[in-house]
Amino acid sequence: MSEEGIPGVIEDGKQRDYTDAMKHVSNEKAMSLRMAYGFVFLLFVVGVVMVAVPVDALLDMRSQIESQSELVVFKKGALYLFGGGLLLIILFIWVTYAMISGKPLPKKFEKIGFAIFGVCLALIFVIPTTLHLAVEQNLTDKGYVICEAKSTQWLHVRTIVYTKTLPCD
């Protein structure tokens, strides 16, 4: 039986030590952990951006309405990001807990987490539709009409431009 590759034996005139082999395994594991932490942190950053974009769009639209701007831009497509962003942030918290503690989430928190996941998934579809209806009613009451020439749509992502005067070209 060959002793080649067994820690602690002499190979090519060099003593291989068990600790050297473990350092190699430990370095690989540390690299994997760093990559996992990096990926999880990336999820968090993407989630924060996905929450910030629709909030910024709504604040911008609000300032246009308050200043009684000639054009008001409603970015319905950006609102789809909000629920997904919350979902990623919750996922980040969940995975971070598991990575730091080394244990899965307690059953009580797991149930709460799944409920929050469900709510976030619903928000992806509910927020854009609900806000669209509310904004359209509010702007119609203030004398705005949809400017089809400046409004855009790509798949389900729609940007609606409201104006006080037609034509709006």
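The table below lists the values:
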{"item": "Filtered trypsin sites (Lys or Arg not before Pro), the stretch 113-169: DSSP coil and at most 12 other beta carbons within 10 Å", "result": "142"}
{"item": "Per DSSP, loop GluC sites (Glu not before Pro) in the stretch 110-169 with at most 14 further Cβ within 10 Å", "result": "148"}
{"item": "Relative intensity, log₁₀ I(q)/I(0), of the stretch 81-155 from a Debye sum that treats every alpha carbon as a point, q = 0.13, 0.15, 0.20 Å⁻¹", "result": "-0.59, -0.67, -0.90"}
{"item": "For the stretch 10-163: lysine pairs under 20 Å (alpha-carbon distance), excluding those fewer than 8 apart on one chain", "result": "8"}
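Laboratory data are not the source of any read-out in this text; all were calculated from the coordinates shown. Values in this document were obtained by computation on a predicted structure and should not be read as measured data. A quick note on method: Cβ atoms are made from the backbone with ideal geometry, for glycine too, and the neighbour counts reach across all protein chains shown.
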